[in-house]
Amino acid sequence: MSEALYRIMGIIARIHNYIMHLNDRFEYNFSDKALHFLVIGVLGIGLIFVVYPLFKWLAQKKHIMVIAWIYVFTLILVITFAIEIGQKISGTGNMEFDDIVFGMLGFFTMFAAFVAVRGVYHGVRWLIKHRMEADGAYARSERDKERTEDGEETVYDTIRKEADTSDKV
C-alpha cells in the first residue's frame, strides 16, 4: 500500500513539475498561492462534474446511505492522514502508514456491524409488513369488528401505520 502512495506522490510530483514548466515557459509568473488557487479550483470543479451526477442518480434511486458512506469515508481518510501528519510535525508519535490502514479497517468493521444491525431491523420490518399483507381480507374484516364506537384504531392499525411510514428511515 505504501508503494501505491509513493506512485501517487510520483505522479503528483510530475504533474507539479509540468505545471511549473508551463508557468516558466509562458512567463506567467504565478506565485505558489496563485497556482494552488487555479489547480485546486479546476480540480474541484472537475470533481463536481463527476460527483454531482453520480450523487443525483444515487439520490433518485434512494441510495442515500451510499452517499453518506462515500462522504464519511472521505472525511475519515482525510482525518486519519491529518492525525498522522500532525504526529510527525508535533513529534507526539510516529507517522506510520499502518496506523492509517488500521484506522480505516476500524471504520470498515464498525460500518459492517452497523449494516448488520440495520439489515436485521429492516428484515423484521419487512416481515411484519408482509405478514400483515398476507392476512389480507380476513385481517381487515377482523379490524372492522374490533373498532370501537369512538373510531379508535386498534394496535394492528397502529403497527401497520408505523410500518408504512418507517420506509423513510
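FYI, it's all coordinate maths here, none of it is from the lab. The shown structure was predicted, so the numbers you read here are calculated from the model rather than taken from an experiment. Cβ: placed from backbone, ideal geometry, glycine included. Neighbour counts: every protein chain shown.
Which is exposed (fewer than 10 other Cβ atoms within 10 Å of the Cβ) and assigned to a helix (DSSP H, G or I), of I89, I15, I40, I100?
Values: I15 fails: exposed (fewer than 10 other Cβ atoms within 10 Å of the Cβ); I40 fails: exposed (fewer than 10 other Cβ atoms within 10 Å of the Cβ); I100 fails: exposed (fewer than 10 other Cβ atoms within 10 Å of the Cβ).
Result: I89 is the single residue among I89, I15, I40, I100 that is exposed (fewer than 10 other Cβ atoms within 10 Å of the Cβ) and assigned to a helix (DSSP H, G or I).
Just the residues that are hydrophobic (A, V, I, L, M, F, W, C) and either surrounded by 11 or more Cβ atoms within 10 Å (Cβ to Cβ) or touching a strand residue (DSSP E or B) at 6+ places or on another chain (Cβ under 6 Å) (or both), please, taken from region 23-37.
F30, A34, L35, F37
What's the number of the only condition in (1) of a type in the set (A, V, I, L, M, F, W, C); (2) more than 20 Å from the chain's Cα centre (by Cα); (3) not in a loop (DSSP other than H, G, I, E, B) that M95 fails to meet?
Result: M95 passes all but (3).
Only one of these conditions is not met by Y28: (1) aromatic (F, W, Y); (2) touching a helix residue (DSSP H, G or I) at 6+ places or on another chain (Cβ under 6 Å); (3) outside any helix (DSSP H, G or I). Which number is it?
All conditions are met except number (2).
State which residue pairs qualify: first residue within 13 Å of V115 (Cβ to Cβ) and inside region 58-71, second residue in a helix (DSSP H, G or I) in any location, beta carbons under 8 Å apart, and separation of 6 or more residues or different chains.
That search, which allows pairs on different chains as well, returns V66/L58; W69/F111.
Consider T109 carefully, then state whether it is under 19 Å from W69 (Cβ atoms) and β-branched (V, I, T). Walk me through how you get there before you give the answer.
Numbers: under 19 Å from W69 (Cβ atoms): yes; β-branched (V, I, T): yes.
When the stated conditions are applied, T109 passes them.
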